[in-house]
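**Q** Before we start, here is the structure in question, set down as structure tokens.
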Amino acid sequence: MSTATSSTPPLAKSLASTDKKTRDKAIKNLSVFLSDSTRDVISKPDMDKLWKGIFYCFWMSDKPLVQQALASELAEIVLTITTFPSSLFFLRGFWEATVREWNGIDRLRIDKYYMLVRRFVNATFRLLIRTEWDQTSCDEYNDILVKEGGPLCPTDIKVPASLAYHLADIYVEELDKVMGRADSHPLPAPLGTLIDPFIMFSARTPSSVTYDRINSALFEPLLSALSPPSSNDRPPSAKRIKLDTDPATFPHLLKNSCFKNPKLEGNIAGVELNKNLLRRVFEVASRPETRDSNRRKMYALWKEGIDDKDDDE
């Protein structure tokens, strides 16, 4: 019998224990267990059991400081696991468990799960920085987000809308935080790659409310931050006023971003990044699988961005 098979079920049971000391010990053992490069590969059913235990371990954390510490400790496991594929497998388990259990979270606990998601998003970006934003690694993570069981899968009816909303609210913000860490000197963040799951999700989501939320929470603020301030004398439109972004928004991304390949492209100016992202929106909007109602909105987003640039020139 493999080490993973024999160890995982008891550990999962301890993680979900009603006794705090048992849970605390299980969390320490979990980190050691997952960081052990000599153990056998964990099976998918065993990882699901682990995450069910982890999810309810966090469920029973009941004080703000305890919740914050536990959320950070769980997210840091992503970085203590010794291989990227194993870290990715752990992340897949996190997202699948979160999607599966999200609708059962009551209003008194939802804020701490929002925090847990934020911590995992932050840790994931730090993991991808370690790979030097390797395209294959980024694509593999994006696949977790957009395929069935992921939080940005547009065809999976089990995906809670509020989870996608929360991701849109925090995604670029957490990326900016990671890029500004004092102990990190990362290559430029490949915005085109990292934002692509949201573009794909927006193209195919059947909900106009969800599309509008992703657009207002992520695309509009990001594109506005990447746009140069208007230099002409004409009064800005009401929508342009609404989208004016504080110069301090995403300051680290504005200094250190590219579209796809950081080693080849280096840092790209915001206006050029803006054009590239809008071009990607147009490309995805043009695909036959894009929903007609979303296609019209994506074309409108592209056209507005292009028109704004023409006005500024």
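Any read-out appearing in this document is the output of simple, stated calculations on the displayed coordinates, not a laboratory observation. Note that the coordinates shown come from a computational prediction; the quantities given were computed from them, not determined experimentally. Please note: Cβ atoms are built from the backbone with ideal geometry, for glycine as well, and neighbour counts cover all protein chains shown.
**Q** Considering Cα pairs under 8 angstrom that are at least six residues apart, work out the relative contact order of the chain and quote it in whole percent.
**A** For the chain, the relative contact order is 14 percent.
**Q** Pop out the ³J(HN,Hα) list for region 260-266 in order, Karplus 6.51 cos²θ - 1.76 cosθ + 1.60 with θ = phi - 60°, rounded to Hz; leave Gly and Pro as x.
**A** 10, 10, x, 6, 8, 8, x
**Q** Extension gain Lys25-Asn261, at 0.36 nm per residue separation less the Cα-Cα distance, in nm?
**A** Extending this stretch completely gives an extra 80.7 nm.
**Q** Now for a different question. What do you get for Rg/Rh of region 170-217 when both radii come from the Cα atoms and Rh is the Kirkwood radius?
**A** My calculation of the ratio gives 1.10.
**Q** Let a ≥ b ≥ c be the square roots of the eigenvalues of the Cα gyration tensor of region 93-161; is it rounded (a/c under 1.5), or, if not, prolate (a/b larger than b/c) or oblate?
**A** It comes out oblate by the Cα gyration axes.
**Q** Then there's this: Between Lys13 and Arg296, how high is the FRET efficiency from 1/(1 + (r/R0)^6) when r is the Cβ-Cβ distance and R₀ = 41 Å? Nearest 0.05.
**A** Computed FRET efficiency for Lys13 and Arg296: 0.20.
**Q** With N set to the number of residues, divide the alpha-carbon radius of gyration of the chain by 2.2 N^0.38 Å and report two decimals.
**A** My calculation over the Cα atoms of the chain gives 1.06.
**Q** Give the calculated FRET efficiency between Val209 and Glu289 to the nearest 0.05, with a Förster radius of 22 Å applied to their Cβ-Cβ distance.
**A** Plugging the Cβ-Cβ distance into 1/(1 + (r/R0)^6) gives 0.60.
**Q** Mind listing the phi-derived Karplus ³J(HN,Hα) values for region 64-78, rounded to whole Hz, using 6.51, -1.76 and 1.60 with θ = phi - 60°, and x for any glycine or proline?
**A** Residue by residue, region 64-78 yields x, 5, 5, 4, 5, 5, 5, 4, 5, 5, 5, 5, 5, 4, 3 Hz.
**Q** Would you grab the residues whose amide H sits under 5 Å from the one on Cys258? Only those 5+ places off in sequence or on another chain, please, with H modelled 1.01 Å from N.
**A** Those qualifying (amide H under 5 Å, at least 5 residues apart or on another chain) are Ala189, Leu191, Ile268.
**Q** With labels modelled as points extended 7 Å from the Cα through the Cβ direction, what inter-label distance (nm, one decimal) is found for Gln68 paired with Asn103?
**A** 3.3 nm
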